[in-house]
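What follows is a single structure, written as C-alpha cells, with notes after it.
The values are calculated or read from the model by the stated rules, or taken from the named source; none is laboratory data. Note that the structure is a prediction, hence the values are computed from the model and not measured. All Cβ positions, even for glycine, are placed from backbone atoms using ideal geometry, and neighbour counts span all protein chains on display. Note: areas computed on protein heavy atoms with side chains; ligands, DNA, RNA excluded. Shrake-Rupley method; radii C 1.70, N 1.55, O 1.52, S 1.80 Å.
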Amino acid sequence: MKAFDTHLFKRILQYTKPYKWRYYSVIVWAVLLSVFAALRPYLLKDIIDDYVIPKKVNGFIIMISFMAVTLVLEVLAQFYFVYWANILGQDIVRDIRIKLFKHITSFKVKYFDHEPVGKLITRSVSDIEAIARIFSQGLFMILSDLLKMLAILVFMLAMNWKLTLIVIGAMPILIYATRVFQIKMKSAFEEVRTQVANMNTFVQERVTGMKIVQLFTREETEYQKFKEINHLHRKAWVKNVWYNSIFFPIADIVTYLTLSLIIWYGSILLLNHDPFTNIGHLFAYTMYISIFFTPLRQIADKFNEMQMGMIAANRVFEVLDKNTDAEDSGSKTAAKFDGKIDFKNVTFGYKPDEDVLKNINLNVNSGETIAIVGATGAGKSTIINLLNRFYDIKSGTISIDDKNIKDFTLDSLRRQIAVVLQDVFLFADTVHNNITLNNPSITREEVIEAAKAIGAHNFIMSLPGNYDYDVKERGAMLSSGQRQLIAFLRAYVSNPSILILDEATSSIDAYLEELIQKATDTLTKGRTSIVIAHRLATVVNADKIIVLDKGTVVEEGTHQQLLQNENGYYRKLYEAQFVNHAEEI
C-alpha cells in the first residue's frame, strides 16, 4: 500500500485555485515563521558568547531587544499562518460540500434505492470536515515544519559542522520510522472511516425506524447489533492508538540520545579548545535539537491528520465520480401543458432482467381524470415514476402533448407535474415553508387563498402559530390526514399542468376524510389527473379506469363499463376490495 496518493493529492489541490493569493500567502508566512524560529537560538549564541561571557554591557540591551522583536515577529507569523491556513481549509470544504450536495440531488432515484442514507450523511458531513484538516492541520503544518528544519539545519551547519553531523546521523532512523508509521496509519485510518460510515448508517436507520423497533420489541436485538458495530469501531481505533504508542516513544528516544551526544561531544570539543566550539554553541544547539526534532516528530502526527483528510477526500470523490445523474439532454422548456399523455409500447424494469411494465400503451386526454388500479406490484406507481423521469424506460416512448418527455429539461418537466404521495414527507420547518418549499415566488397571501380553496385554512389556523407552526421532523406533530392536507396544498400552490395522486387518500382518518375529498375535487378540476387509489369514490368518478396486472394493461374503461364484465379482473377486484363501501356510492 502506498503511504501517499500523489494523484489524489493533486486533485485536492485543484480546489485551491480560486484562492491562489491566500494559498501563496500561507506559504510566505510559513517561510517567515521558519526563519524567525531558526534565528532565535542563533541570537542567543551571540548574546552568550559576545556579551554574557565577556561581561560586555554595551550592545547587550540592543541584542536582547532584537531577540524580543524576533520573538514578536515569530508570534505574528504563527498567528497569520494558522489563521489563513484554517480559513483556506474552510473555504475549500464549503466549495466541495456545495458541489457534493448538488451532485447528490442530481442522482437518479435508483441510486437511493440501494445506497445507505447514513453513508451519504457521513460523506457530506464528517468526511468533508476531515478534508479541512488537510490544510489546517496537515499540508501547511508539514510544509512549515520542513522549512523550519531546513532553516535550522542551515544555521547549525554555519555554526558548527561537527556537531551538526551528529544531528544528520540521527535523521535516517526517524525518517525510516516515520515512513513505516505513515503506511501503517493509512491502513488504520481507512478502517476507521469504514467503521464510522457503518455506525452512522446503523444509527440513522434505527433512529428513523424506532417505532418499528419498539412495536416489534427489537430493542435488545438492535442493542446487541450496535454493541458489535461499536466494538469494530473501537477495534479500528485501537490499531490507530497502537501505532502511535510505538512511534512516538521511538522518536523521543532518538531525540534524547541525539541531545546527549551533542552535549557529550560538544563538551569534549570545549575541553580541547576547539576554535569552532564555545558555550554559546552548546546553548544554541540544545535549543536547536528541540526545535529541529519536534517538527520531525510532529510531521508524523500531522501526516496522520492529512492522511485522514485524504482518505475522507477519496470517499467523497467516489460519490462525486459516480455517473448516476438523471439524463438531462432535453433542450425544450416545458411551459404550461395541455395535459395529453401517451405511453407507447413502454417496457421497463428496475433490474435489467426483470420487467415491471411490459409493452404498456396508455392514453390520457387533456383534462381527464384517470384511475390506475391493480394488485400490489402490478406497476401502478412505476408509471408515475417514469412520467417524472425518475427512471428511464427500457423501450418505447412517453410523450406529453405529443412531445417526447426526453426532449424537455428535467427541471421544467417536473415543475409541471405535482405528486401527492401516500407517505407524505414534511421537513422540520414551518407549515408555510413546507407548503412553498421555500419558493420565494409564492407569497403568504397565495398560500392562505389556496388553503381556503381546498378547505385546509381552518385546520392550519387551529395550530399554535398557524402557518408558522413547526411540524418537526417528518411532520411528527401532525396526524397522517393533516400531513396529507399539507401535501395537497403543496401541490395546489405549484399550479401544475398534471396532477398525480399516488394512493394519497388511503390512510386518512375519518375526521379529515371530507376535507381530503374536497381537496381532491379542487385539485383535479380543470387539469389532467392520474389517481392511484383504494378509495371507492375516487375510482368511481374517474373518466377512465386502467386496470394493471403483472405489468400489463388487462382492462380499460369507466367504472360502469368494467363492472359489466362478469369475469373481468376489475369486477373481481371491486368485489374483493370495494364492495364493503358500496353504500358510499
Original post:
If you place +1 on the Cβ of every Lys and Arg, -1 on the Cβ of every Asp and Glu, and leave all else neutral, what size is the dipole of the chain about its Cα centre, to the nearest 20 Debye?
Top reply: 2080
Subject >> Two-decimal Rg/Rh across region 309-383, once Rg and the Kirkwood Rh are taken from alpha-carbon atoms >> reply: 1.15
Original post:
Against the longest alpha carbon principal axis of the chain, how many degrees, from 0 to 90 and to the nearest 10, is the axis of helix 444-454 turned?
Top reply: 30
**OP:** Divide, for region 28-74, the radius of gyration over alpha carbons by 2.2 N^0.38 Å, where N is the residue count.
**Re:** 1.25
Original post:
If you line up the long axis of helix 279-320 against the longest principal axis of the chain, both from Cα atoms, how many degrees apart are they, to the nearest 10?
Top reply: 10
**OP:** Sort R483, R415 from largest to smallest accessible area, using a 1.4 Å probe on the heavy atoms of the protein chains.
**Re:** R415, R483
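Taking region 348-421 on its own, what percent of its Cα-Cα pair distances exceed 19 Å?
When all Cα pairs of region 348-421 are counted, 38 percent exceed 19 Å.
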Original post:
Using the reciprocal of the averaged 1/r over all distinct C-alpha pairs, how large is the Kirkwood radius of the chain in Å?
Top reply: 30.0
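Carbon and sulfur: what percent of the chain's accessible surface (1.4 Å probe)?
58
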Original post:
Full extension from F79 to T347: what is 0.36 nm times the residue separation minus their Cα-Cα distance, to one decimal in nm?
Top reply: 90.1 nm
Original post:
If you look for lysine pairs in region 57-197 that are eight or more places apart or on different chains, how many of them have Cα atoms under 20 Å apart?
Top reply: 6
**OP:** Compare the Cα positions of H233, N361, T347 along the charge dipole of region 227-370 (+1 at Cβ of Lys, Arg; -1 at Cβ of Asp, Glu; about the Cα centre) and return the one farthest towards the positive end.
**Re:** H233
Original post:
Tell me, what is the percent relative contact order of the chain, built from C-alpha pairs under 8 Å that lie six or more residues apart?
Top reply: 14
Subject >> Solvent-accessible area of K162 with every protein chain in place, 1.4 Å probe, in Å² to the nearest 10 >> reply: 60
Subject >> C-alpha long axis of helix 139-159 to longest principal axis of the chain, angle in ° >> reply: 10
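Send over the Kirkwood Rh of region 168-218, from the inverse of the averaged 1/r over different Cα pairs, rounded to one decimal Å.
Roughly 14.3 Å, rounded to one decimal.
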Original post:
Taking the inverse of the average 1/r across all pairs of different Cα atoms in region 1-156, what Kirkwood radius in Å do you get?
Top reply: 18.9
Original post:
Could you give the length gained on full extension between K99 and N359, defined as 0.36 nm per residue of separation minus the Cα-Cα distance, in nm?
Top reply: 89.7 nm
Original post:
Got a sec? Charge dipole of the chain, +1 on Cβ for Lys and Arg, -1 for Asp and Glu; which of T217, N304, L39 is way out at the positive end?
Top reply: L39
**OP:** Could you quote the convex hull projected area for region 369-470, Cα atoms only and averaged over all directions, in nm²?
**Re:** 9.1
**OP:** Kindly report, to the nearest 10 Å², the accessible surface of K351 as traced by a 1.4 Å probe over protein heavy atoms only.
**Re:** 120
Original post:
Between S260 and R11, what is the label-to-label distance in nm when each label sits 7 Å out along the Cα-to-Cβ direction?
Top reply: 4.8
Original post:
List the chymotrypsin sites (Phe, Trp or Tyr not before Pro) in region 142-227 that DSSP assigns to loop (not H, G, I, E or B) and whose Cβ has at most 14 other Cβ atoms within 10 Å. Which are they?
Top reply: F216
Original post:
Arranged from highest to lowest average of other beta-carbon atoms within 10 Å per residue, in what order do the peptides 564-571, 334-341, 137-144 appear?
Top reply: 137-144, 334-341, 564-571
Original post:
For E220, what accessible area in Å² do you get when you roll a 1.4 Å probe over the heavy atoms of the protein chains, rounding to the nearest 10?
Top reply: 110
**OP:** Note down the Stokes-Einstein diffusion coefficient of region 237-277 in µm²/s, whole number, using a Kirkwood radius over alpha carbon pairs, 10 °C, and 1.306 mPa s.
**Re:** 128
**OP:** Please list, or write none, the aspartates and glutamates whose alpha carbon is within less than 18 Å of the alpha carbon of K20, excluding same-chain residues fewer than 8 places away.
**Re:** D91, D95
Subject >> Segment S399-Q214, extension gain: residue separation times 0.36 nm, minus the distance between their alpha carbons >> reply: 62.0 nm
Subject >> Simple label model, 7 Å out from Cα along Cβ direction - D543 to S267, nm >> reply: 10.4
Original post:
Which percentage, to the nearest 5, of the DSSP beta bridges contained in the chain is antiparallel?
Top reply: 50
Subject >> Average accessible surface area per residue within the chain, 1.4 Å rolling probe, Å² >> reply: 50
